[in-house]
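All remarks here apply to the structure that follows.
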């Protein structure tokens, strides 16, 4: 009973009792109580989201919307109160086989609302239970016609397919489906491990392809550099001396260089001694013709099995 009806019934009942016992007007009191009973049975109020389906002597009389309205007691009856707001129904499919015979557990949720209150009340016994059954059946049909990879990757497409299938089945009942969302797709643990190994192998393959492409690009650049150095020998010598300088910048580093490498650079002995040993002045440009091994340290010092002679002034 709605608040307005309850208030009117209370006022009429109190008035009837007061008239009967206090005013000694028994008939008036009985009449007021009878009116209160009629009001309580006939005066109805629907909220803005509600629809009242009313039958009169077994036939559809009307569908009342929001507001206060009255029905004829005994003759009229409210057979259904339909909630027009958006409703949600969770459903699932356990151990359903996909098209490639993989058992999966799928959880989903459907958003729907009653579009036609008359058909929802008269065309089906329990439309809520029917929606749940139809949703489960449609979900299993969709899983059986889909590959596992498509089911895992194309969620939106699967949602749209379910929405269309369920909407077509519930439309005759006055139910409109707003959307369907698949919340989770669970697969067996053994298959999860296999898919994980497959994905890892695919990533390793892609990494090797990228590395090979990088090696090919580097090799082509080296070929271009070799062509440049072949036409400009002094450029190769400058590059080699720069490499030696870069390797001796770090303190505490020790680098062994064979004499053949030094000879390949073909610098003058005085220039090499100045670059590696850091002498303050050069007295002579003479140096031994044969170096067995050079050891350079991070502080720029030079050691050799054949020590360089001190320059002799002229």
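Quick note: the coordinates plus some simple rules give every number you see, no bench work behind them. Computed from a prediction, not measured in an experiment: that's the story for all the values here. Every residue, glycine as well, gets a Cβ built from its backbone with ideal geometry; the counts of neighbours run over all protein chains shown.
Would you mind putting 65-78, 104-117 in packing order, based on average other-beta-carbon counts within 10 Å, highest first?
104-117, 65-78
So if we plug the beta-carbon distance of residue 241 and residue 87 into 1/(1 + (r/R0)^6) with R0 = 51 Å, what FRET efficiency do we get, rounded to 0.05?
0.05
Efficiency by 1/(1 + (r/R0)^6): what FRET value for residue 7 and residue 123, r their Cβ-Cβ distance, R0 = 35 Å, to the nearest 0.05?
E(calc), rounded to 0.05, equals 0.45.
Could you work out how much longer the chain between residue 157 and residue 203 gets when fully extended? Use 0.36 nm per residue separation minus the Cα distance between them, nm to one decimal. Intermediate results must be reported in sequence, preceding the final value.
Values: separation 46, 0.36 × 46 = 16.56 nm, distance 2.64 nm.
Length difference between fully extended and current span is 13.9 nm.
Can you work out the PRE-style zone for residue 113? Point 7 Å along Cα to Cβ, and I want the residues of segment 176-211 with backbone N under 13 Å.
Residues 176-179 fall inside that zone.
Within segment 64-88, name every residue whose backbone N is under 20 Å away from a label modeled 7 Å from Cα of residue 47 along the Cβ vector.
64-70, 78-88
Does segment 189-230 come out rounded, prolate or oblate by the C-alpha gyration tensor, with a ≥ b ≥ c the root eigenvalues, rounded set by a/c under 1.5 and, if not, prolate when a/b is larger than b/c and oblate if not?
prolate
What spacing in nm lies between the two simple spin-label points modelled at residue 56 and residue 100, each 7 Å away from Cα in the Cβ direction?
Distance between label points: 6.3 nm.
State the extension gain, in nm to one decimal, for the chain segment bounded by residue 181 and residue 141, taking 0.36 nm per residue of separation less the distance between their alpha-carbons.
Additional length available on full extension: 12.8 nm.
Among 2-12, 230-240, how do they line up by average Cβ neighbours within 10 Å per residue, starting with the highest?
Numbers: 2-12: 14.2, 230-240: 12.4.
Going by the mean number of other Cβ atoms within 10 Å, highest first, we get 2-12, 230-240.
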